Amino acid sequence: VSGPISDKRLFAITMPKWGMSMDEGTVVKWLVPVGGTVEIGTEIVEVESTKASTAIESRQAGVLLRQIALPGAVLPVRGVIGVIGDSEASVPDIDAFIREAHQSENVVETRHGSGSTHVVVADQALNVVDTGSGGVAGVPLILVHGFGGMLKSWAMLQEEIGQDHRVISFDLPGHGDTNLIPTAWSLEELAHTITLLLDALHINRAHIVAHSMGGAVSCLAASSMPRRVASLTLIASMGFGAEIDYAYIVGFLEAKRPREFERVLEKLFASPRYVNRRMIDDVIRMKRIDGVAEALQNIADAAFLDGVQRLTDFGDKLPAIAVPVQFIWGAEDAIIPVCHATRTKFPVHVVEAAGHMPHIEQPAAVAGHVRAFITAHP
Amino acid sequence: VARILTMRKALSEAFRQVMEEDPTVIMMGEDIAGGQGAPGEQDAWGGDLGITKGLYGRFGAERVLDTPISEMAYLGAAVGAATAGLRPICELMFVDFMGVCFDPLLNQAAKFRYMFGGKTKTPLVVRTQMGAGFRAGSQHSQCLYPLFGHIPGLKCVIPSSAYDAKGLFIASVRDDDPVIFFEHKVMYDSVSDEVPDRPYAIPLGEANVLRDGDDVTLVALGRMVHFALQAADQLGVDGISCDVIDPRTISPLDEETILESVERTGRLVIVDEAYPRFGFAADLASIVAEKAFDALRAPIRKVTPPHTPCPFPPNLEDLWLPNAPKICAAIRELM
């Protein structure tokens, strides 16, 4: 069922089609570990459709280089499940091959419930909500959440702007419903996932709206691909000064029980009524998943040192890359002080009756500032 | 990725994941592989209700053991294996049959850590089915968890959702003490909710608060949680708001969450499918009476079956079980 897509002795294992009615299948179990040797006929991965459940056999001899789709992932027919090839193949070669395979297949998206989609980039499955269409000059908007956050936190803003604009939110690695790979994540690596997401969705250029740590991550992304970022709206962003309420970060990392999370999360809002059981439950469920607590700790270690932010100089660096930048900040932000924004040369919109999460407390006001900015910078 | 799964599928995924992550996890029980005497069809059934279907084919006869119909023998073997480095998951078809094999649990597994100065651990999980509503008569319908909650050294887990079932099961297998895991047989296919595909553990001893209210604290376990939620929804229409708390484990018990709620509401109603005498509801009533007496504004109420065996005739079985109208009536009396 696997077939060569390239001449570099790399082969994609793809979702087979068993009969006319099959248009997707579920990956049940990998039968060969990454690095394991396969012969022609070796059973590599078990796949299930509504009709049948069986193992896919290798058509090539070589080494299993990547398991792209994890058990439980639902892939469309011809979606790329894994890569077989020469054990000498380099990581960049494999990455490039996977990108190419995705483009040639054009079917890398796998659908799940509640409107979210998993988009496979490199060896990650990013949880993505892609809504609306069109918009100013047809340039879509990408939403990047903050530390410990998830794409759900954008729901209200995405609904506001998504009415007449394509808006894409996603869960960063280590967060929400994005499948995790166990590694120490630096902010640079998180930034690279934005690039990979744009590639996977065939988006050449996008506006970015980013919150808190997602702001610093997006500044890094914009610096590495300035021509692909139409504008940058930074909400209560990290990356512009050392100060941060580090007790919040520690509290978030250490909290386990609902009451502890309630106390921690209340710091994010001007009005504590925004912290409800649903929000607490979402965060607890995310943190319980194996590996997430460690991943968040790794990300925190990469972002902070001795209780302050590590990256502080985007105010000096961003003007050089010629990407339009604006700030939005809650007037009652208790996590990062608004002076980090006002001392830069970029425009700052202070939103009243909002803390660190103005896009949740005042979504209409935030949407207004975003719309005006992307209209002015198509 | 979170998918909507039935409790059956959530448990099946948990079994697979704990066996994949830890090679010392084995599964044993009657017919869980499907019958060794049927070559080629060992995987046909998967336990009396098909819950372990697929495991034999995946993990083989070394790790998925069909046992003789001799509960005393295989529970004893499982307890021994647990002390010797394995993590057995032992299925005892119906909790009603526990009478024939109580010693290995009551007097061995539960006591080793204490008797051997903390040097021995017994990481054993006993899975068992419980509960009425299955038209199975008085010998296959009991909720006997109070028998186990009574014994110090045993942990008792009673999931009420697919999400909880998977997370609590994984936590039970990772726990170093003996755990009895109660699966309500009516809930396998009738309960479904969002379950992440990755492994996750819900700590044992942490209650789940499903509704926030000010007037009444409503504590319920297992299938009764769903009746409690129905009752809370009905009462909400009349302006009576309920805290609905699912303790999830009765041993250890999250007293703190329940007491904190009663301090606020001043009223406690406990819904329990176990017999009313010497049971969980009676125990919790005594804890609250001792520790939060001053907060109580009304008598504590229990909603349980009567203290009789579960009837066989379906109409009488339905009458015997607690349900939402009975819970509503109990709460209205307190207001």
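The values are calculated or read from the model by the stated rules, or taken from the named source; none is laboratory data. Source: prediction; values computed, not measured. When we count neighbours, we look across all protein chains shown, and the Cβ atoms used for this are built from the backbone with ideal geometry, even at glycine. Accessible surface areas use protein heavy atoms only, side chains included; no ligands, DNA or RNA. Shrake-Rupley method; radii C 1.70, N 1.55, O 1.52, S 1.80 Å.
Side notes on the structure shown:
- Any hit, the range A:165-182, residues being within 14 Å of another protein chain (Cβ to nearest Cβ), within 18 Å of residue A:135 (Cβ to Cβ) and modelled with pLDDT of 90 or more: yes
- Every residue from the range B:96-123 that is among the small types (Gly, Ala, Ser) and either crowded, with 20+ Cβ neighbours inside 10 Å or closer than 18 Å to residue B:149 by Cβ (or both): B:99, B:109, B:110
- Cross-chain or 6+ apart pairs with Cβ under 9 Å, the range B:119-148 first and on the phi > 0 side of the Ramachandran plot, then hydroxyl-bearing (Ser, Thr, Tyr): B:131/B:141; B:133/B:141; B:135/B:141
- So residue A:320, is it away from every other protein chain (no Cβ under 14 Å), buried (at least 16 other Cβ atoms within 10 Å of the Cβ) and more than 28 Å from residue A:157 (Cα to Cα): no
- Scope the range B:252-265; condition over 23 Å from residue B:240 (Cα atoms) and open to solvent by less than 30 Å² (accessible area, probe 1.4 Å); matching residues: B:254
- For the range A:196-204, the count of residues that are of a type in the set (Val, Ile, Thr) and at pLDDT below 95 is at least one.
- Those residues of the range A:61-87 which are within 14 Å of chain B (Cβ to nearest Cβ) and hydrophobic (A, V, I, L, M, F, W, C), in sequence order: A:69, A:70, A:73, A:74, A:75
- The sole residue among A:268, A:190, A:197, A:234 that is touching a His at 6+ places or on another chain (Cβ under 7 Å) and either open to solvent by less than 30 Å² (accessible area, probe 1.4 Å) or outside any helix (DSSP H, G or I) (or both) is A:268.
- The range B:251-271, residues that are in contact (Cβ under 8 Å) with a residue 60 or more places away in the chain and closer than 12 Å to residue B:220 by Cβ: B:269
- Residue in the range A:52-60 that is within 14 Å of chain B (Cβ to nearest Cβ), farther than 21 Å from residue B:17 by Cβ and among the hydroxyl-bearing types (Ser, Thr, Tyr) present: yes
- Residue satisfying condition, being buried (at least 17 other Cβ atoms within 10 Å of the Cβ), closer than 24 Å to residue B:145 by Cβ, modelled with pLDDT of 85 or more and away from chain A (no Cβ under 14 Å), within set B:92, B:65: B:92
- Among the residues of the range B:124-146, those identified as open to solvent by 10 Å² or more (accessible area, probe 1.4 Å) and either farther than 26 Å from residue B:323 by Cα or not aliphatic (A, V, I, L, M) (or both) are B:133, B:134, B:135, B:138, B:139, B:140, B:142, B:146.
- Residue in the range B:155-172 that is nearest to the other protein chains (Cβ to nearest Cβ), counting only those that are open to solvent by 10 Å² or more (accessible area, probe 1.4 Å) and closer than 25 Å to residue B:102 by Cβ: B:171
- Condition check for residue A:240: more than 14 Å from every other protein chain (Cβ to nearest Cβ) and either under 23 Å from the mean Cα position of the chain (by Cα) or small (Gly, Ala, Ser) (or both): yes
- Qualifying residue in the range A:284-301 (condition: of a type outside the set (A, V, I, L, M, F, W, C), away from chain B (no Cβ under 14 Å), over 18 Å from residue A:358 (Cβ atoms) and touching a helix residue (DSSP H, G or I) at 6+ places or on another chain (Cβ under 8 Å)): yes
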